[in-house]
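The values are calculated or read from the model by the stated rules, or taken from the named source; none is laboratory data. Nothing here was measured: the structure is a model prediction, and the numbers come from that model. No Cβ is skipped: glycine too gets one built from the backbone with ideal geometry, and neighbour counts run over all protein chains shown. Note: areas computed on protein heavy atoms with side chains; ligands, DNA, RNA excluded. Shrake-Rupley method; radii C 1.70, N 1.55, O 1.52, S 1.80 Å.
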Amino acid sequence: MDNSRALTQGSLFKNIFIFSVPLIFTNLLQTLFNMADVAVLGKFASGEALGAVGSTSMIVFFATGILIGIGSGVNALVAFFIGAGKSKDIREALHTSAILCTASGVLIFALGEFFAREILILLHTKDELLEGALLYLRIYLVSLPAVGFYNFGNGILSAEGDTKSPLIYLLISGGMNVALNLLFVIPLKMAESGVAIASVISQFFSAALILAKLVRRDDALALRLKHLKIHREKLMQLVRIGVPAGLQNAVFAFANMFIQMGVNSFESAMVIANAGSSNADPIVYNVMAAFYTAASTFIAQNYGAENKGRILKSYFVSMFYSVAAGILGGAFFVLFGRQFMTLFSENPRVIELGYERLFIMACSFWIAPFMDCTLAASRGLGKTIIPTVMIFLGSCVFRVIWVYTVFAHFGTIFSLFALFPCSWTITAIAEIAYFIKLYRRLPKTI
């Protein structure tokens, strides 16, 4: 586990950047491959197919967000044990989290299959898009056990500083996803079902690559069938850190479902425009998210290594990089947003509606790190319950109230999407105050 040395020694500006670059490419590739699903439908199928898949985006984000959040909890806990040099604890946490993450994927898959139609109807999915959205969603949900296992493995590898292996695996599985998209949609004319099946196959393949990597290891991070059992103490620690982290993502997604309801209240052109322009958000989010992962991982390892000063420096450096990424990403989409929209539609009205939404978001991206990076920093210190409550109040309750008050009154695209920067600001203030309190309470000996 030589990779972990760079997390507790040396220049933080350099090491956080080196750690984050593979994560940036991994996250960007994941976003681009997901975008390929939508772009292929928009170009080679129909606007209705594009709108149908776009109508499921919040539900998919809700499901995968829980699994990604649990994986981030695995990352923080294992990174702490690596920093503390506790091999037995690493091994127990690894095998317990493998079961937890995979079982969580199975559970969410089962619940999603059972309630898929009801959820889409609850979101006011347009009648002409409902059956296509339901078809896509029910097939896509099959991939969730693999998504759970992949995020477990990704959390384990990044905990020791290995962010290159997941990038390689994503290049392979993502390339497969794009090729299958083109095969299923163009010659086989499968539209929504085609891109869903392509996603399922590629997700299981990426999980298989992670499995092979961990099985081949011969250290504390090796995955062994004979050690595969739940250790109660580690399960409780994972539940305390990982489940709130998963719920944080779920809260975001739940609140955003109300935003999707707002989008669905507009004409079909706006629903299609939103399905296209919303692909810009994860491009910027996922670049910034690489630095959030760095913050959590570096802070957790230095917390385990009892290096207090390096904890705060890790937070500030990660915040600097993530805010800079938000500014640069936002500037790019302000300048080239209309050109970006042509990837998904050639309809001038759809392009303009999409750009209007995109402009609001692009001017706001830089605010998000003050909430999310601080949230990751608290996770690195093993604290997620109170930040989850803050997220619930600031990014769920606030957004729902906004939709039924401000948006209900004005009924414009601006009045709907302006809730993002407002909710980020309110939640960030609370998160920063909490992290300051946590840091001041740390013993001076670390």
Exercise for review: Could you please report the charge total around residue 229, scoring K, R as +1 and D, E as -1 over all other residues with beta-carbon less than 12 angstrom from its beta-carbon?
Suggested key: +4
Exercise for review: Have a look at 368, 63, 418 and tell me which one the Gaussian network model of the chain (Cα, springs below 10 Å) gives the largest fluctuation.
Suggested key: 418
**Study point:** Sum of -39500 (n - 2.57) over DSSP H runs of 4+, divided by residues of the chain (222 nm, nearest 500)
**Key:** -27500 deg cm²/dmol
Revision key, fill the gap. With x for Gly and Pro, the residue-by-residue ³J(HN,Hα) of segment 55-63, computed from phi through the Karplus equation 6.51 cos²θ - 1.76 cosθ + 1.60 at θ = phi - 60° and given in whole Hz, is 5, 9, 4, 5, 5, 4, 5, 4, 5
Revision key, fill the gap. Expected max-MSF residue from 221, 328, 180 in the GNM of the chain (alpha carbon, under 10 Å) is 328
**Study point:** Net charge, residue 357 excluded, C-beta distance under 15 Å - Lys, Arg +1, Asp, Glu -1
**Key:** -2
Exercise for review: Could you run the Karplus curve 6.51 cos²θ - 1.76 cosθ + 1.60 with θ = phi - 60° over segment 201-209 and give me ³J(HN,Hα) per residue in whole Hz, x for Gly and Pro?
Suggested key: 4, 5, 5, 5, 5, 5, 5, 5, 5
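Applying a 10 Å radius around every beta-carbon, put 273-286, 181-194, 116-129 in order of their mean neighbour count, most first. Each step should come with its number before you reach the end.
Values: 273-286: 24.5, 181-194: 18.4, 116-129: 16.2.
Going from most to least packed, we get 273-286, 181-194, 116-129.
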Practice item. For 327, 272, give the ranking by accessible area with the largest first, probe 1.4 Å. Key: 327, 272
Exercise for review: Would you mind checking which residues have amide H under 5 Å from residue 56's amide H? H placed 1.01 Å from N; only 5 or more apart, or other chain.
Suggested key: none
Check your understanding: Among 196, 208, 93, which one shows the biggest mean-square fluctuation in a GNM of the chain, springs joining Cα atoms closer than 10 Å?
Key -> 208
Review point. Can you give the net charge of the other residues whose Cβ lies under 12 Å from the Cβ of residue 132, counting K and R as +1 and D and E as -1?
Key: -3
Practice item. Report the GluC sites (Glu not before Pro) located in segment 341-402 that are in a DSSP loop and have at most 12 other Cβ atoms inside 10 Å of their Cβ, or state none. Key: 346
Check your understanding: Can you work out ³J(HN,Hα) from phi for every residue in segment 380-396, in order, using Karplus 6.51 cos²θ - 1.76 cosθ + 1.60 and θ = phi - 60°, giving whole Hz and x for Gly and Pro?
Key -> x, 8, x, 10, 9, 5, 5, x, 5, 4, 4, 4, 4, 6, x, 10, 10
**Study point:** C-alpha long axis of helix 164-185 to longest principal axis of the chain, angle in °
**Key:** 20
Review point. How much of the accessible area of the chain, probe 1.4 Å, is carbon plus sulfur, in whole percent?
Key: 69
